[in-house]
Structure formats: structure tokens, C-alpha cells
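The values are calculated or read from the model by the stated rules, or taken from the named source; none is laboratory data. From a predicted model like this one, the values you see are computed outputs, not experimental measurements. Heads up, the Cβs are rebuilt from the backbone with ideal geometry, glycines too, and the neighbour counts pull from every protein chain shown.
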Amino acid sequence: MTTPPTTTLPRVQPAAYHAAHEHAALFDATPYGRVWMRDRDRAALLHRLSTNQIERLRPGQRVETVLTTPIGRIIDLLSVFCMDDALLLVSSPERGAALLNYLRGNIFFNDKVKLEDARTSLGQLALYGPAADRLLTSLGLPGAETPAHTFATTSWDGQPLYITGTRPIAGGGRWLIAPPNSLATLHTALCAADAHPLDGGTFEVLRVEAGHGAYGHELSEEYIPLETGLWDAVSFSKGCYVGQEIIARMESRGRLAKSLRGLRLLERPELPTGSMPLAKLDAAGKEAGDLTSIVDSPRYGLIALAYVRTAYLSGETPLSVAGCRAEIVELPFTQQPTG
């Protein structure tokens with residue numbers, strides 16, 4: 001009998017991991033999707049399709065919003081940049097084409113909206129770590145003076161450059177978006193200023209440490225934004241949008257079916273590949289939730305992200321994953337590192 005392959009954990013590059021926690025690490029975010037929305041009804045279209053307040057955005061403001069299904073499940077998490085004459089949307093990695101198709105399929109006959117795929121006309125970097133803002137300032141670029149929910153429009157190498165905060169990992173996070181040629185020279189300048197390149201495996205470990213959801217793992221049509229902890233991406237005062245009824249009902253009743261939490265595991269469970277969730281949580285023989293991401297962290301040991309059913313959030317009933325004991329941990333992982 002053939003033993004099925006088990007899930008491979010991301011590999012950590014020690015230098016990149018150290019740089020992200022102690023200094024600055026530079027990540028190639030080009031795979032994120034980018035779409036321009038233009039013309040009169042650009043904000044109205046996105047407003048009726050997603051969870052946050054879009055129509056009241058002013059130039060220079062940025063918000064996160066969630067595209068949801070009619071039953072309130074997550075299609076994708078977007079970051080929205082409001083310009084004078086356009087909206088720039090940033091989707092999850094490898095989701096640009098899907099975002100474009102979804103928006104096109106929801107344009108009514110009388111809507112005036114023009115969509116443009118910006119994946120090749122704009123590139124994207126992410127700068128993480130406690131020294132991220134200091135490195136930007138050393139290059140004459142906006143850093144800490146850019147407040148949350150805004151972005152700075154500046155220039156680099158004669159081309160427009162957009163700088164904004166993003167969900168932090170290891171103490172800081174900035175997105176840098178610009179045409180590819182100028183972004184390449186900015187990449188060189190940041191590395192010369194001692195930013196360390198950040199690889200995908202190390203990024204995945206840092207993402208789980210920080211408790212951020214990723215598309216295909218925590219962000220999927222299995223889950224509702226409030227369960228994922230995306231409260232800041234949801235407006236409870238706006239008009240109707242796709243999926244609003246379910247989300248508003250959950251908020252008004254003040255009770256979620258499950259919530260995203262961290263898990264600490266003492267041993268590695270054997271998990272089959274190619275399935276999502278990766279495994280079901282068990283509580284005394286009863287299904288207790290979904291394991292969605294698992295990594296081996298240099299600081300915290302074997303850790304995971306999971307949706308835990310509300311009845312088991314207190315931790316009074318021991319949880320296990322594929323026979324391995326699991327301890328619920330609040331996010332982000334900030335407890336004393338394991339020895």
C-alpha cells in the first residue's frame with residue numbers, strides 16, 4: 001500500500017528571517033494582482049460588490065475591502081487606492097486575472113467603468129522589518145509620516161511611486177508600487193541601503209507568525225470576513241452590497257461560528273498534500289475547526305493558523321490535529337519564543 005505524500009513545510013533562509021525581525025527585508029510582490037478602475041461609476045461598482053465604504057473615499061486614502069459571495073463568503077481581500085481620477089486595486093497574489101474577470105462580469109449596461117490590467121505596467125515591492133521606514137527616509141522617500149489608511153504619491157527615477165503601509169510582518173510593512181523599470185532601480189537602492197532579499201518560504205513563515213490570512217488558505221469561500229478577523233475591512237453603516245445580509249446578521253448577533261486563531265503544536269502531524277483545509281481539528285472526538293496553514297518557526301517552533309469553532313475557543317477541551325496535541329494561541333504569535 002502506497003503511503004500518500006505529506007505536506008512540505010516552507011523552508012526558512014536564516015539571513016532573510018533575521019533581517020525581517022531585526023532590520024529590513026525586501027520582498028518581490030509582483031505576483032499580486034493590480035487593476036485600474038476609471039470613469040464615473042468606478043467607486044459605485046466596487047461599493048456594491050465589497051464590504052467597505054468605497055464611495056466616500058477621497059484622493060490619497062486607502063482602505064481594505066473584501067469581495068464576498070451572496071452568502072458572505074470571501075472571494076478576495078483587496079487594497080484600494082483612491083486617486084483623483086481612478087481607483088487602483090491590489091488583489092492577492094496570482095489573482096489579478098480573476099479580479100478583472102469578476103469586475104467585468106458585474107458591470108451593468110448603464111455603468112460607466114473602464115478596467116485596465118496593471119500587472120505589467122506596475123510592479124510591486126514589499127519592505128518589512130523595524131528599519132523599513134528608516135531605509136525609505138534615507139533614500140529621500142516618505143516613511144513613517146504616511147499615516148495608516150493613506151498612501152503617498154511621490155516619484156523615483158522620473159516615474160510615479162506609490163508608498164503605503166501594509167499588514168506588518170516582523171514589526172513593519174510598506175508596499176512600493178511603480179512602473180517596473182523604476183522599481184528595479186529602487187530595488188537596487190534599497191539593497192544597497194542594507195535591505196536583505198526576502199524569499200517566499202521565509203515570507204510564509206513570517207506571515208503565519210503575524211497571523212495574516214492568505215488566499216487559498218485562510219481567505220476562501222469557506223469563510224466569512226468577520227471569522228477571519230477582517231473587521232477593519234467591513235463597514236456596518238454603508239448601503240447594500242453582495243453578501244451584506246449574512247455579515248450584518250453575524251455582527252448584530254455578536255456571535256461567530258468560528259474564528260481564526262494560532263495553534264502551537266508539540267509534534268508535526270502527518271498531513272496529506274493537495275487538500276484545503278489541511279486537516280480538521282479534533283476535540284474529544286468532535287470536529288472543532290480547520291487547520292489552514294502550518295510552518296516551523298525559528299522563534300516559536302511548530303505553529304499553525306486555524307479556524308476554531310466558537311465552542312472550543314476557551315481551550316478547556318484539548319484539541320488535536322491528526323493525533324497531535326494543539327494549543328490555541330492568540331494572534332499574532334508574540335509569546336515568549338521557545339528555547
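Check every one of the strands (runs of 3 or more DSSP E) wholly within the stretch 113-165 and list those with 2 or more residues that are among the aromatic types (Phe, Trp, Tyr).
On the way: elements: 114-117, 123-128, 151-156.
Result: 151-156.
Table: residues versus (1) under 13 Å from the mean Cα position of the chain (by Cα); (2) farther than 22 Å from Arg264 by Cα.
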site: Gly158; (1), (2): no, yes
site: Pro168; (1), (2): yes, no
site: Gly171; (1), (2): no, no
site: Pro180; (1), (2): no, yes
site: Ala193; (1), (2): no, yes
site: His196; (1), (2): no, yes
site: Glu221; (1), (2): no, yes
site: Val234; (1), (2): no, yes
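For the stretch 176-219, the candidate set comprises residues that are in contact with a Pro (Cβ under 7 Å, 6 or more places away or on another chain) and among the small types (Gly, Ala, Ser); within that set, the residue that is surrounded by the fewest Cβ atoms within 10 Å (Cβ to Cβ) is Gly201. Taking the criterion of being of a type in the set (S, T, N, Q), modelled with pLDDT under 95 and more than 22 Å from Leu46 (Cα to Cα), no residue of the stretch 96-143 qualifies.
Sort through Arg34, Arg38 and tell me the only one that's closer than 19 Å to Lys114 by Cβ, buried (at least 22 other Cβ atoms within 10 Å of the Cβ), in contact (Cβ under 8 Å) with a residue 12 or more places away in the chain and among the basic types (Lys, Arg).
Values: Arg38 fails: buried (at least 22 other Cβ atoms within 10 Å of the Cβ).
Of the residues listed, the single one that is closer than 19 Å to Lys114 by Cβ, buried (at least 22 other Cβ atoms within 10 Å of the Cβ), in contact (Cβ under 8 Å) with a residue 12 or more places away in the chain and among the basic types (Lys, Arg) is Arg34.
Condition test on Arg264, is it assigned to a loop (DSSP other than H, G, I, E, B) and surrounded by fewer than 22 Cβ atoms within 10 Å (Cβ to Cβ)?
Values: assigned to a loop (DSSP other than H, G, I, E, B): no; surrounded by fewer than 22 Cβ atoms within 10 Å (Cβ to Cβ): yes.
So Arg264 fails the test.
The set of residues from the stretch 4-45 being of a type in the set (A, V, I, L, M, F, W, C), more than 25 Å from Arg62 (Cα to Cα), within 22 Å of the chain's Cα centre (by Cα) and not in a loop (DSSP other than H, G, I, E, B) comprises Ala16, Ala19. Confirm whether Asn101 is surrounded by fewer than 21 Cβ atoms within 10 Å (Cβ to Cβ), assigned by TED's automatic domain parsing to the domain that holds Leu176, outside any helix (DSSP H, G or I) and out of contact with any strand residue (DSSP E or B) (no Cβ under 8 Å at 6 or more places or on another chain). So Asn101 fails the test. Counting only residues that are without any contact (Cβ under 8 Å) to a residue 60 or more places away in the chain and in a helix (DSSP H, G or I), which one in the stretch 220-242 is surrounded by the fewest Cβ atoms within 10 Å (Cβ to Cβ)? Only one residue tops the list, namely Trp231.
Under 6 Å between Cβ atoms, which residue pairs at least 6 apart in sequence (or on different chains) link something in the stretch 136-165 that is on the phi > 0 side of the Ramachandran plot with a partner that is surrounded by fewer than 19 Cβ atoms within 10 Å (Cβ to Cβ) and not small (Gly, Ala, Ser)? As it stands, the answer is Asp157/Thr185, since those pairs meet every condition given.
Give Ile75, Ile71 a once-over and let me know the one that is touching a residue at least 24 places away in the same chain (Cβ under 8 Å), assigned to a strand (DSSP E or B), closer than 24 Å to Gly239 by Cβ and hydrophobic (A, V, I, L, M, F, W, C).
On the way: Ile71 fails: assigned to a strand (DSSP E or B).
It is Ile75.
Only one entry of Arg58, Arg48, Arg62 meets the criterion of being touching a residue at least 24 places away in the same chain (Cβ under 8 Å) and assigned to a loop (DSSP other than H, G, I, E, B), and that entry is Arg58.
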